[in-house]
């Protein structure tokens, strides 16, 4: 398929099943074993590379394609740039989270990751979308012989819905959460923390898929409103501050970019790449999930200094230039030019 000056090849995934359907545990094990080095996908990629004859191979999410992509590129003497966006090379779940953050690899993850990590030597330059995700891979012995760089995701903000950036002064503070309601996202933790603020003036709007009403404690039920799946622009126009209470080590956290582009400060957890996106006290606030009342203390401070939100809104919009398409593409072009010299 041609789109502008770009040729797009749609490739059907070849493995024991389509990975986004439900399957038995033994089938999942077979899928991941085959995905260590998927020869069927490797042959298809080789055909495409030989037909297109590119100057560089830039890989991103290679789950389904496997490390065979790097092996093919290496045999064809094509330089490889890889961008790390998840934990695929370290964990079959791609999250390194099972009931809690994994402080180290379990035995199963070590077995699955060993051949993947060994093949990272075939990559010329590795890019992390955050310092955290890059460091995590380097700690586990990946990409030892590679040049490294940190380049965040690009984000093109839509035209924001007008909002009163100083409107919170003199009225109730409206907090917001937008995203999934999985345990690792920390929604129940956030609700528990807010229970200690029943005497303060605040409301909370929840948006996203998978919400269950019974997760909201009765003590704050009259403060919490679930609006379902909504247009992000409309959502951000209704809140003063976004809360990102993630318990797992998120590689980056796109929702922070969305909030900042709409001039909305963020209260974020010190997990993964989130602290790299928030200038504490400038574009938002950071808290430590393992420290009791850490989130509640931040919310209380915001309630008592709501005038700060107006100034932060301006800072947030200025901050988004770091994630502009021009900025991100410029950094990648520098890497491509360096690799080709």
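The values are calculated or read from the model by the stated rules, or taken from the named source; none is laboratory data. Treat the numbers as computed from the prediction; the structure is a model and nothing was measured. Here the Cβ positions follow ideal geometry from the backbone for every residue, glycine too, while neighbour counts run over all protein chains shown.
See the values below:
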{"quantity": "Selected residue [more than 30 Å from residue 85 (Cβ to Cβ) and either more than 18 Å from the chain's Cα centre (by Cα) or surrounded by 18 or more Cβ atoms within 10 Å (Cβ to Cβ) (or both)] from 239, 220, 205, 255", "calculated": "220"}
{"quantity": "Residues located in the range 97-119, provided they are over 22 Å from the mean Cα position of the chain (by Cα) and assigned to a helix (DSSP H, G or I)", "calculated": "107, 108, 110, 111, 112, 114, 115, 118, 119"}
{"quantity": "Flag for residue 319 being touching a residue at least 24 places away in the same chain (Cβ under 8 Å) and either in contact with a helix residue (DSSP H, G or I) (Cβ under 8 Å, 6 or more places away or on another chain) or over 30 Å from residue 126 (Cβ atoms) (or both)", "calculated": "yes"}
{"quantity": "Within the range 1-45, tally of residues that are surrounded by 10 or more Cβ atoms within 10 Å (Cβ to Cβ), farther than 18 Å from residue 72 by Cβ and within 25 Å of the chain's Cα centre (by Cα)", "calculated": "5"}
{"quantity": "Residue check, residue 204 within 26 Å of residue 95 (Cα to Cα) and at pLDDT 95 or above", "calculated": "no"}
{"quantity": "Criterion (under 19 Å from residue 306 (Cβ atoms) and touching a strand residue (DSSP E or B) at 6+ places or on another chain (Cβ under 7 Å)) met by exactly one of 230, 241", "calculated": "241"}
{"quantity": "Only one of 14, 77, 44 that is at pLDDT 95 or above, in a loop (DSSP other than H, G, I, E, B) and in the same structural domain as residue 110 (by TED's automatic domain parsing)", "calculated": "77"}
{"quantity": "Check on residue 83, in contact (Cβ under 8 Å) with a residue 60 or more places away in the chain, out of contact with any helix residue (DSSP H, G or I) (no Cβ under 8 Å at 6 or more places or on another chain), under 29 Å from residue 325 (Cβ atoms) and not in a helix (DSSP H, G or I)", "calculated": "yes"}
{"quantity": "Condition met for residue 257 (over 24 Å from residue 91 (Cα atoms) and part of a helix (DSSP H, G or I))", "calculated": "yes"}
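One line per residue, one yes/no per condition, for (1) touching a strand residue (DSSP E or B) at 6+ places or on another chain (Cβ under 8 Å); (2) under 23 Å from residue 206 (Cβ atoms); (3) surrounded by fewer than 23 Cβ atoms within 10 Å (Cβ to Cβ); (4) free of Cβ contacts under 8 Å to residues at least 24 places away in the same chain:
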{"site": "260", "(1), (2), (3), (4)": "yes, yes, no, no"}
{"site": "265", "(1), (2), (3), (4)": "yes, yes, no, no"}
{"site": "268", "(1), (2), (3), (4)": "yes, yes, no, no"}
{"site": "274", "(1), (2), (3), (4)": "yes, yes, no, no"}
{"site": "281", "(1), (2), (3), (4)": "no, no, yes, yes"}
{"site": "286", "(1), (2), (3), (4)": "yes, yes, yes, yes"}
